[in-house]
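To start, the structure under review is shown below, and the notes come after it.
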Amino acid sequence: MNLRRLKTVARKEFLHVLRDPRSLMMGIGIPMLLLFLFGYALTLDVDRVALAVWDQAGTAGSRELISRFAGSRYFDLRLSVDNYREIERAIDRREALIALIIPVDFDRRLSQGGTAAVQAIVDGSDPNTATIALGYAEATTATYSRDVVLKRIGRSGGITPLSEAGSSEADGGGKVLPALELRPRFWFNADMASRNFIFPGLIAVVMMIMAAILTSLSMSREWETGTMEQLVATPLSGSELILGKLAPYFCIGMLDLVLCMVVGRFVFDIPLRGSLVLLVPLAVLFLFGALSFGMLISIIAKNQLLASQLAIVTTVLPAFLLSGFIFPIENMPLPIQTVTRIITARYFVYILRGVYLKDVGLEILWPEALFLAAFGIIVMTVAVRKFKKKIG
């Protein structure tokens, strides 16, 4: 091996890399981006669970129980409600993950030495998060129950072993009864099947990958193969050319949607509780935005390799990591949560889960639909303006 020739080739390649800032950016920027994304966004912790409370008792005892939840780092008391309809609406809007319902006779049962039953309604659409949140709630009620028992013992002057501190006094047969009983009830996914939660989100990821990857290559392929000159020579306007190129990918995207839904229903037995008439137009909005973004990448990059890399970094990775598909957005740091607000897959994942699992309507989903429509229009407008029918 001739070191002089090797040095010459290496110097030439260094110069090539340094003269191509886009490659340099991809080589340094993407690892840094992945590092921050995986470091901040990938968390399985469940903190600050959104909590709603329906305090039917309104007593000092019930307020103390609520304060135990509000003071815990695991719960975030978001709102107080007065009926089941408000609870349903709060869970539909994701304003609450768990709702605590304290009965009217809460204090009376405790003062009589009995067991007070507190109902916990949990949004079961995400089984993993719901199970963890319920565990937190059970631990908090157990602590409160233990304190109630200790007060009873103090008042009666009795002696109870510490191992029985979570229960009230024993009955005649030696059986102990809890001072507080938490009765959980899971809504929207009573079977707690994780497949019901994952599959709707998977539809959004599949459609995003298809739309971004395919359309990001459409224009750049024309530039690289030299066929763009022929298109530029035609009387087609920029918008006509772009929309014409998007048409086949739009049909493929809708076909993918239909196939996903059919496979979900008849292969994986995923129930569709909501309206298909509502879901299809919202899917069209999402697909239009995703295709427009892929087209914008293709117009800007003019290079298939660079376009595909940009599509993966700006659409596929965020769809996996920042859409709430796998990792709950609520558990991410606030700056990352802010970034997720511009990820269209986030809104479509929410729409799909809302329609599939909760049967929610447009009265709940209109903000997401409005964002998808605005995103598609803005990105398409930018793509049309960026495309110039010029060679060179």
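The values are calculated or read from the model by the stated rules, or taken from the named source; none is laboratory data. Since the model is a prediction, treat every value here as computed from it, not as a measurement. Every residue, glycine among them, receives a Cβ derived from its backbone with ideal geometry; neighbour counts consider all protein chains shown. Just the protein is used for accessible areas: all its heavy atoms, side chains included, with ligands, DNA and RNA removed. Shrake-Rupley method; radii C 1.70, N 1.55, O 1.52, S 1.80 Å.
Considering the conditions (1) of a type in the set (Gly, Ala, Ser); (2) modelled with pLDDT of 85 or more; (3) more than 27 Å from Trp366 (Cβ to Cβ), Gly274 is excluded by exactly one of them, (3). Against the conditions (1) under 23 Å from Ala374 (Cβ atoms); (2) β-branched (Val, Ile, Thr); (3) in contact with a helix residue (DSSP H, G or I) (Cβ under 9 Å, 6 or more places away or on another chain), Val277 satisfies every one except (3).
Checking each residue in region 347-363 for being in a helix (DSSP H, G or I) and buried (at least 18 other Cβ atoms within 10 Å of the Cβ) picks out Tyr347, Phe348, Val349, Tyr350, Ile351, Leu352, Arg353, Gly354, Val355, Tyr356, Leu357, Lys358. Can you work out which of the residues in region 286-332 that are open to solvent by 50 Å² or more (accessible area, probe 1.4 Å), assigned to a helix (DSSP H, G or I) and under 27 Å from Phe188 (Cβ atoms) is modelled with the lowest pLDDT? Step by step, filter region 286-332, then rank; the result is Glu330. Within the span defined as region 179-198, every residue fails to be of a type in the set (A, V, I, L, M, F, W, C), in a strand (DSSP E or B), modelled with pLDDT under 80 and surrounded by fewer than 18 Cβ atoms within 10 Å (Cβ to Cβ).
Scanning region 255-274 for residues that are closer than 29 Å to Trp223 by Cβ and either buried (at least 19 other Cβ atoms within 10 Å of the Cβ) or out of contact with any helix residue (DSSP H, G or I) (no Cβ under 7 Å at 6 or more places or on another chain) (or both) yields one hit, Leu255. Here is a check on your reading of the model: is Asp47 more than 21 Å from Ala117 (Cβ to Cβ) and either in a strand (DSSP E or B) or open to solvent by 70 Å² or more (accessible area, probe 1.4 Å) (or both)? No: the conditions fail for Asp47.
Residue check: is Glu222 more than 17 Å from Leu372 (Cα to Cα), of a type in the set (D, E, K, R), open to solvent by 50 Å² or more (accessible area, probe 1.4 Å) and more than 20 Å from the chain's Cα centre (by Cα)? Judged against the criteria, Glu222 is not a match.
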